[in-house]
Every structure is written in C-alpha cells, then in structure tokens.
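One structure is given here, and the rest of the page talks about it.
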Amino acid sequence: MITIVIADDEKLIRAGLKKILTDSLDISLNIIEAKNGQEALNFCEEKHPDILITDIRMPVMDGVELMKALSLKETRPKLIVLSGFDDFSYVKAAIQSGASTYILKPVDKKELINSVNAAISDSRKEEKERNEQTLRSIVDEGRIVSNSGLMELAGKKEYFCISIYGKDGLPEFENTLGIRQFYVLEEKSNFVCIVLPKEDEKIEYDKFLLDYYTIGVSNVAKDFSVLRNLRKNSFIAALECFFDEDGHIIGKKRRGVFKYDARNRPEDFFEVDQVYEKMVAKLDIASSEEIQAAVNEIFNIFTKSAGANSEILYYLYNKIITNLFVRFPGYSDTDMYLHLKGIMIESIFEYNNLAEWSSSIVDYTVYLTALLKQNTKEASYITDSIEYIKTHFTKNINMAMVANYVSVNYTWFSEQFKQHTGINFNEYLKRLRLEESKRLLEKGCYKVYEVANRSGFGDVKYFMKIFRESTGMSPTEWKNRHSKSDD
C-alpha cells in the first residue's frame, strides 16, 4: 500500500486531488488529508508516508516551512509541490527541499498522475535499496545491528536465499520472478545472491535458467539474524552441481536448481582438518609429487562420504579461502601468479568439475612450495630450526631455545619464522603436538595423561583444553572414535 498525504487549506481541492488519485491509480492507496503545514508535518512523522503533495500558501505553517522541516528528517516522503503562484522563489525553495515535481494550479490531471507514478517508482526503489543495505549489514555483522529498514519487511513472515551462478544471472532471474519482491545481498559479474520473502506460490523457473545456470536455494527461516547462514546454505546447495543425486563426483557439473537439505550435514569435519593440516605442514619441505599426493588425499574424502559431499566441499573451500590464501601473506599479497590463481580457485563455479578445481589447488600449492623453499635456502637457519623442532617437540622446548640453537636474534627469529611458515612459533609447536597426540590416542593403549606427556603438552588440563578447542571433542572421545585397537 502507498500512503499519500495531501496538504492544502482548501477542502474542495483536497477532495478533488483525492478523487483523481483513487480513480486513476490501479494500486492500493492510503490517502491522508491535512489542512495546513503543521498538520501535514505531524502526519509525516507519525505515518511515514511515501508521498507528500503540498500547497505552498497555507495557514499555521506554509509549504516552504513544511519542506524545510522535512528536509532535516532522516527519512522523508517524496515531495510534489502545488502552487497558484508562478514565482521563481517558490520553485527554488521547492527544489532546495528535494521536491521531485513543481505543479502549477489549476492542476493538470495527466501531469499529476505522471508525477505521482514517478514518485511511487522512486519511493519503492529507495525502500528496496534501504532494505538491501539493512540486510547486507546483518550478513556482514552476523546479527541485527539496526532496525532501520526492517519495518517495511516486518509483514513478511519467512525468508530464504537464492544464489545464482552464471553470467548476467540477475536480469534472467528478474524475468522469472515477475512482480515478486526480492532484495540483492551480493552481485558480481557471474554471481548474484538474493533474499526472497516466501509466498504460497512456487517459483516457476524459466527453462533457460535451468539449462544455463546453477541455482542454490537455502532453507527457510523466520529470523533476520540468520541471514548469514541462509546465504551460506544457498552456496552449499549450489555445490551439489558437482555431484550426482547419490553424492558421487561427476565428470561435468550439472545445471538447474539445487535445494539445501540440513539432513546431509555430517557430524564433524575432523578428517578434512586432519588431511588439510598434513598438506599445509609439508609446504615448506615437500616435493611437487608429495604436494599433489597430499591434495589428492583431501579429495579422496569425497569418495568415502557420499550424501554429504556439498557440506564437506564447502568446508574445504572455506578453509582454502580463509586459511591457505592468508597463511603466507608475504607471498600471497605480493606474487601476481598466486593472487590470480587464488581468484580462480575462489570462483569454484567457473570450473567444469572438481578435478579441474583440485588441479588449480595443486598448481597453487606447488608454486607456493617452490617460493617457500627458495626463501628457506636464503635463510638456512629456518630449515635448521624446523628440523630441530620436529625432532624435539615432545620435549620442553621454547622459541628462545630454538633461536639460540640456530644462533639468531630472538626477535628477528620470531618475525622470520612466521613469515616462512605462515604461523607463529607457539602455534607451529602446538600443531605438531596435537598431531602427535592424535596418533597416540588412535593407538588405543595410552591414558590421557600419558598422551599429554608423550606429545609434549605435559599439563593434562591444558592439553585437554587445547585438544577440545582444536577438534571439538575431548581426547577420550577422539580415542573412542578413532582407536585402531577397535578394528
């Protein structure tokens, strides 16, 4: 519904304008009459109309004062100014106050209707942009940070996200939606994500969309604060294009609509974490053949977990984008090849299949390994220190001891170690000890305190805390799930 305030001190003029609008506009209208500027201002503050049609000469508060008062408001209606005085000073005041149209009395019916239609179009466009900005801020923050813009959406009970992958997807999707309202969360040349209020009618997708685009549809939610999850779930749903209906990798990705199914979510991603960290740990020492084998080991996971593959693929994708690409900033930020390759890997839907995507990851990691090796040759003390750490990590060692061992200044060693490994000394040491603790737990013959001592943690309470933070489960739970003695 469009709300319009008509402000004029002559009752017959207000009635005439109202009749013209109700007879000529084929939309739902709520028309409020005000006999002076002050009354109109009060209505604007209370009712938040879309359009204000106001005369210039009125008692109590004239049209110029009314427009000036409204110009100070954060949100204000579209202004259409009426006047029987063809005076430039009034035209100037109206323009300065943001009036969209200035109409001389007696009012021409066609001119009025055209002006109101234009104002309605602008008002709806601004409302949509305001809503989109509010929704984007919710996605960015992961929570509702402001109620601004939510008022217009409050009447909608449920929402979902749709992600469309393919060139110029938004114009094509607009044709499918017709008059249904939607809000754009993000748009790029080959991707658009929208929020769509749920309606009773199902979306009838155009055949062209189904044949040439990959479309991911999220689950439905009632709370605005979960928009970030809805957006993620539409991405996960679209990743189904790389698998057949039984969850097996296919040679050529599918097109069409894929709906998110929460029942496919695995209990945890420990296997992905395990093989990923093994791959990353080898980057500074492995051969290109070993790196390729490590990447292949990651993708072998998909042959073991049919039915949950899009969730696992998203988890791996996110680790690469948020971890691997930023883990070695001294290289990824400055090397053009790594930068461009990273952009390609991030655009996963540009690939025909997962084999091509994994090949790009191999290229990235092999090239990064070559850079790391080249720099460690120039700083041989880093190589020596890593060998020392990997030999002595189960003992009570610290960075000062290692820096002293390689005869390098403590502060300089700290900076160079992080630059070459992508993480600081303590994190590097912790990860080695965690991998060792997992290996010991999987043997099934050690108690938790023994594992803490044998892996280098020592303090069992600290070990249990770090282990849960890293894996999401206690050492005992890990042991029970992975113990080889149960085989």
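The values are calculated or read from the model by the stated rules, or taken from the named source; none is laboratory data. Everything numeric here is computed off the predicted structure, so don't read it as measured data. Here the Cβ positions follow ideal geometry from the backbone for every residue, glycine too, while neighbour counts run over all protein chains shown.
Collect the residues in the stretch 213-249 that are at pLDDT 90 or above and aromatic (F, W, Y), keeping them in residue-number order.
Across the stretch 213-249, the qualifying residues are Y213, F235, F242, F243.
Among the residues of the stretch 203-244, write down those that are of a type in the set (S, T, Y) and under 16 Å from Y315 (Cα atoms).
Of everything in the stretch 203-244, just one residue is of a type in the set (S, T, Y) and under 16 Å from Y315 (Cα atoms), namely S234.
Any idea which residue in the stretch 128-149 is modelled with the lowest pLDDT, counting only those that are surrounded by 15 or more Cβ atoms within 10 Å (Cβ to Cβ), in contact with a helix residue (DSSP H, G or I) (Cβ under 7 Å, 6 or more places away or on another chain) and of a type outside the set (V, I, T)?
G149
Inside the stretch 150-184, can you point out the residues that are among the aliphatic types (A, V, I, L, M) and at pLDDT 85 or above?
Correct list: I162, I164, L170, V184.
Which residue pairs have Cβ atoms closer than 7 Å, lie 6 or more positions apart in sequence or on different chains, and pair a first residue in the stretch 60-82 that is free of Cβ contacts under 8 Å to residues at least 12 places away in the same chain and within 19 Å of I103 (Cβ to Cβ) with a second residue that is of a type in the set (K, R) and in a helix (DSSP H, G or I)?
none
Are there any helices (runs of 4 or more DSSP H) wholly within the stretch 230-335 with 1 or more residues that are hydrophobic (A, V, I, L, M, F, W, C) and surrounded by 15 or more Cβ atoms within 10 Å (Cβ to Cβ), and if so which?
Of the helices (runs of 4 or more DSSP H) lying wholly inside the stretch 230-335, those with at least 1 residues that are hydrophobic (A, V, I, L, M, F, W, C) and surrounded by 15 or more Cβ atoms within 10 Å (Cβ to Cβ) span 270-281, 288-300, 309-319.
Any residue that is at pLDDT below 85 and within 15 Å of T365 (Cβ to Cβ) - is there at least one of those in the stretch 300-309?
No: the stretch 300-309 contains no residue that is at pLDDT below 85 and within 15 Å of T365 (Cβ to Cβ).
Here's a check for you: in the stretch 362-393, which residue that is hydroxyl-bearing (S, T, Y) and buried (at least 18 other Cβ atoms within 10 Å of the Cβ) is farthest from the chain's Cα centre (by Cα)?
Among those residues, the one meeting the criterion is Y381.
For every residue, the table says whether it meets (1) in a helix (DSSP H, G or I); (2) closer than 24 Å to V272 by Cα.
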residue	(1), (2)
S407	no, no
E415	yes, no
L429	yes, yes
L434	yes, yes
L440	yes, yes
K461	yes, no
S470	yes, yes
R481	yes, yes
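Taking interchain pairs and intrachain pairs at least six residues apart, which have beta carbon atoms under 6 angstrom, with the first residue in the stretch 158-183 and surrounded by 16 or more Cβ atoms within 10 Å (Cβ to Cβ) and the second in a loop (DSSP other than H, G, I, E, B) and among the small types (G, A, S)?
Going by the 6 Å Cβ cut-off, the qualifying pairs are F160/S218; C161/S218.
Here's a check for you: in the stretch 206-222, which residue that is within 15 Å of E174 (Cα to Cα) and buried (at least 16 other Cβ atoms within 10 Å of the Cβ) is nearest to the chain's Cα centre (by Cα)?
I215
Yes/no per residue for (1) among the small types (G, A, S); (2) crowded, with 17+ Cβ neighbours inside 10 Å; (3) not assigned by TED's automatic domain parsing to the domain that holds N300:
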{"site": "N398", "(1), (2), (3)": "no, no, yes"}
{"site": "A403", "(1), (2), (3)": "yes, yes, yes"}
{"site": "R439", "(1), (2), (3)": "no, no, yes"}
{"site": "S455", "(1), (2), (3)": "yes, yes, yes"}
{"site": "M464", "(1), (2), (3)": "no, yes, yes"}
{"site": "E469", "(1), (2), (3)": "no, no, yes"}
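What do you reckon, is S347 at pLDDT 90 or above and among the hydroxyl-bearing types (S, T, Y)?
Here the answer is yes, as S347 does meet what is asked.
Report the residue count in the stretch 407-423 for those that are of a type in the set (V, I, T) and surrounded by 18 or more Cβ atoms within 10 Å (Cβ to Cβ).
2
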